[in-house]
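One structure below.
Throughout, read-outs are computed from the coordinates displayed, never taken from laboratory work. The structure presented is a predicted model; accordingly, all values stated were derived computationally and were not measured. Counting neighbours? That spans all protein chains shown, and the Cβs are built from the backbone with ideal geometry, glycine included.
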Amino acid sequence: MTSQLQVDGLDAGYDDLQVLNQVSFSLKPGEIGCMLGPSGCGKTTVLRSIAGFENAWRGRILIDDIEVSTPGFSLPPERRNIGMVFQDFALFPHLRVEENVRFGLHRLERREQQGRVQEMLAIVGMLAYAQAYPHQLSGGQQQRVALARALAPRPSILLLDEPFSNMDVDLREQLAREVRNILKQENNTAVLVTHDQNEAFAMADQICVMNEGSVMQQGSGYDLYHRPANRFVADFIGQGVIIPATVESLTSVKTELGMIRSDDVIDAAPGTLVDVLIRPDDIVHDDESPESAIVVEKAFRGADFLYFLRMDSGVEVLCLAPSHHDHKINERIGIRLNVDHLVTFSRN
Amino acid sequence: MAALLSLPIFTIASFLLYPSNEVWQHLRTTVLSEYLLNSALMMLGVGVGTLVIGVGCAWLTSVCVFPGKRFFSWALLMPLAFPGYIIAYTYTGMFDFAGPVQSWLRELTGWGPREYYFPEIRSLGGAVTMFTLVLYPYVYLLSRAAFLEQSVCVLEVSRTLGCSIWSGFYRVALPLARPAIVAGVSLALMETLADYGTVSYFGLGVFTTGIFRTWFGLGDAAAAAKLAAILLVFVFTLVIIERWSRRRAQYHHTSNRYSSLPQYRLRGARAWFAFAACLLPLFLGFILPAGQLAVWALQTYQTMVDASFLWLTLHSILLAASAAALAVVLALFLAYGKRVFASKAVTASIRVVATGYAIPGTVVAVGVIIPLAWFDNQVDGYLREHFEFSSGLLLSGSLFALMFAYMVRFLAISVQSVESGLGKIRQSMDDAARSLSYTPAQILLRVHLPLMRATVLTAFLIVFVDVMKELPATLILRPFNFNTLAVRAFELAGDERLADSSTAALMIVAVGLVPVLLLSRSISTSRAGS
């Protein structure tokens, strides 16, 4: 199996402070990966180590099956054939858009440069602004120029460091999808760093959730949401609550909301007390249901309501209900369990 | 390199600890108290004078509206272009016994030579006036910036609490601007202490003239260095005060919202008073002396502007340009080193270099010549001993010594502006260029230099002008028969050929206007729409 990017047991840090602990992951050609995690989790350090701006302590990084970083050796960034889009875009203010994009093509002949610049500007839809200076552009336009500049020299890997964090919230997901389409069009391999899971879901094929310098789980957005490997991922991705349950059989647990069945075998003996992750979409509002709970708080979100409910035992759960089901606070409403994926955690 | 540049400072400081010799004993019992007293009086007078003029004009031009406000807000900086020694002999020429003013008075009134009182320009009071006139812009500049930075809200709150504009000034604006004002006054006092030309022309006994006399009159380098060391103590006190107050100034920012300041429209007599209050320092500090110089220059240029004058000008320009170029290159080297290596040693050495600007030229000169002379003697002695050959003075009488002194004194300016220019280039620019396969050297050439062109040019210009104006260090260290415009103007004035010195002086003032105009441009753009 060939991989475009391979990171093996990476340890890195600044001075005495270790920031990364045994980080490993790999990407196949054309795949878009994402380092997702709270601020300070080390995701940017991973990106900067791949770029060569930081030297790793231990571990290996391979780009195109070539070792670019091993203990005691680090290929300088300018020789790694990478492209990078920075948080502040870092467009050169003294150069026009066209000159910015051409900047990385200095090894090509003049005519090839011109062709590639035109091609890239066309792909990102900025041909009309070729002669503009960066300060004349909006944030989204600057971003596209930064992307065109990074992709122009056909890098083996494109690195994106929180590229949407300077954008309006409304624009982020749309831009993320746009960028994804551009990357897929050119079949680029890319690594994105972000703390925003919606961005990660919109852009990435593979997501690495990181916390405190370690990779917590690698997988698709669907996997991370529905099959979180540990409590951190369960808590970080999406919303949900954890309620107590007792293992009934190899494939079912009993909660106070009722029985939950699983397609997979539960990794605990019957009779053991475990915790179960309940997502808001696992609880369906149903007036007919014998089970009920009291509305503690509610948030109107347009297409739906997110209800915070308290059951008679005092356990609180979340419930996603269609937007015309408008209930008052302190009202008692009927609920029903509808769990597709059972997620259990052992108690310690 | 920073260690080399701080060598003169340490040399001088070490003389504080030296055992005293006979000459020093003599100095201590006779003139030291005079030096101390004169210096103290001068600092007091200049301090009060610059404070009143600087703060007053700054307040008027920043929050009041009156005729000519916009013009004054930058024109009030123009006296900064005058070196103290030039304004000193211009005024002497105008107001001494044979000058136009007194002659005219005698003609008008029929008074005889000794029958009336006229203030003597060449006195302590005269020196204080001269320094005040050319140094108040420092206080003006910093306090104006402080007033403009104050948030509107504080001033408006003070008015809702019952303060009038004027009591708001005393009770709110002034205390908030105090750190900046203190910094401005200490800068003015540093310049006062550093001056040699004015006090020597006025025949005042202060430290700088004392150092000259002891060195060249009594021929005692050690005693001169000891005087320099005491002067250095004064200067460092001021440096510490200035740094301390600047640091405090950061905590005095009350808000980040700098909407436009309230504008108090002055009417009638008040408006004309404000106009006069701003015009007077500008008139006395620039228009009048510049006018006098121009009149003299018109009378004498035919005899003065000859081939040798042009050579002199060329000399000065070449010297200043090469010093400025060297200062910029060294500054780039230091600032870039700091950016790439960011080690504590580099940062600390930059800080040491930065103190050089506060050190009087006389002290720098003494501090440069002592180690260089020692080096020359060692080389000479060694060569004589082993090769029976005398090298004479290799470095101490050379342009190298002069250049070295200029670097000690002026490198701080170029480092500061280059650093601020480089600081504005974000790290991500470097990273972006490296990810596009550029080496660090290529990045300096293709990214940093184009972006820093303006700052590098500014640094070059300011050092260039400072070297053109520099007098004491040049006077001491210049190679034999090597003259600059400043030295020439000083010598002619010293020989009472005031009118003859005017072409050189005018040239220096004209050049000195360049950084002032740069400054004033940045001031007028710093608050768009006001």
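Summary table below
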read-out	value
All lysines inside 27 Å of B:Lys226 as judged from Cα atoms, apart from same-chain residues fewer than 8 positions distant	B:Lys469
³J(HN,Hα) computed for each position of segment A:156-172 - Karplus, 6.51 cos²θ - 1.76 cosθ + 1.60, integer Hz, glycine/proline x	5, 9, 9, 10, 10, 9, 6, x, 10, 6, 8, 9, 4, 4, 4, 7, 4
Sequence-distant aspartates and glutamates (8 or more away, or on other chains) whose Cα lies within less than 12 Å of A:Lys184	A:Glu31, A:Asp205
Globularity index of the protein assembly as shown, i.e. its alpha-carbon radius of gyration over 2.2 N^0.38 Å	1.29
Shielding score for A:91-99, defined as the mean number of other chain Cβ atoms within 10 Å	3
Number of partner chain Cβ atoms within 10 Å, mean per residue of B:437-448	3
Interchain or long-range residues, amide H under 5 Å from B:Tyr264's placed H	B:Cys64, B:Val65
Amide proton proximity set for B:Arg497, modelled H, under 5 Å, gap of 5+	none
Nearest-ten-degree value, helix A:139-151 long axis tilted from longest Cα axis of chain A	60
Computed E for A:Tyr222/A:Ser292 - FRET, C-beta separation, R0 30 angstrom, nearest 0.05	0.45
Candidates per chymotrypsin sites (Phe, Trp or Tyr not before Pro) in segment A:49-139, loop by DSSP, up to 16 other Cβ within 10 Å	A:Trp57
Principal axes of chain B: Cα extent on each, largest first, Å	85, 84, 49
In order through segment A:178-189: 3J(HN,Hα) via Karplus (6.51 cos²θ - 1.76 cosθ + 1.60), integer Hz, x for Gly, Pro	4, 4, 4, 4, 4, 5, 5, 4, 9, 6, 8, 8
Whole-number D in µm²/s for segment A:234-348 (Stokes-Einstein; Kirkwood sum over Cα pairs; 4 °C, 1.567 mPa s)	89
Size-normalised alpha-carbon gyration radius of chain A, reference 2.2 N^0.38 Å	1.19
Normalised per residue, the volume of the convex hull around the Cα set of segment A:222-268 (Å³)	91
Residues B:Phe131, B:Phe97 arranged by fewest to most Cβ contacts within 10 Å	B:Phe97, B:Phe131
Local net charge near B:Ile443, Cβ-Cβ under 12 Å (Lys/Arg +1, Asp/Glu -1)	0
Sparse-neighbourhood loop sites, trypsin sites (Lys or Arg not before Pro) in segment A:55-112 - DSSP loop, at most 11 other Cβ within 10 angstrom	A:Arg107
For segment A:102-141, the spread of Cα positions along each principal axis, largest first, Å	31, 17, 14
Eligible aspartates and glutamates near A:Lys254 by straight Cα distance, threshold 19 Å, same-chain separation 8 or greater	A:Asp263, A:Asp264, A:Asp267, A:Asp275, A:Asp281, A:Asp282, A:Glu291, A:Asp312, A:Glu316, A:Asp340
Amide H within-cut-off set for A:Met210, under 5 Å, with H built and near neighbours excluded	A:Leu36, A:Gly37, A:Met216
Alpha-carbon centroid distance for the pair segment B:445-504 / segment B:77-106, whole angstrom	22
Partner chain coverage, peptide A:71-80 - average Cβ within 10 angstrom	3
Fraction of the pair-distance distribution of segment B:263-357 above 18 Å, Cα-Cα pairs, percent	73
Stokes-Einstein D for segment A:89-164, Kirkwood Rh over Cα pairs, 20 °C, 1.002 mPa s (µm²/s)	175
³J(HN,Hα) computed for each position of segment A:301-316 - Karplus, 6.51 cos²θ - 1.76 cosθ + 1.60, integer Hz, glycine/proline x	10, x, 6, 8, 9, 9, 9, 9, 10, 10, 8, 4, 6, x, 5, 9
Point-to-point label distance, A:Asn187-A:Asp168, nm (Cα→Cβ direction, 7 Å offset)	3.7
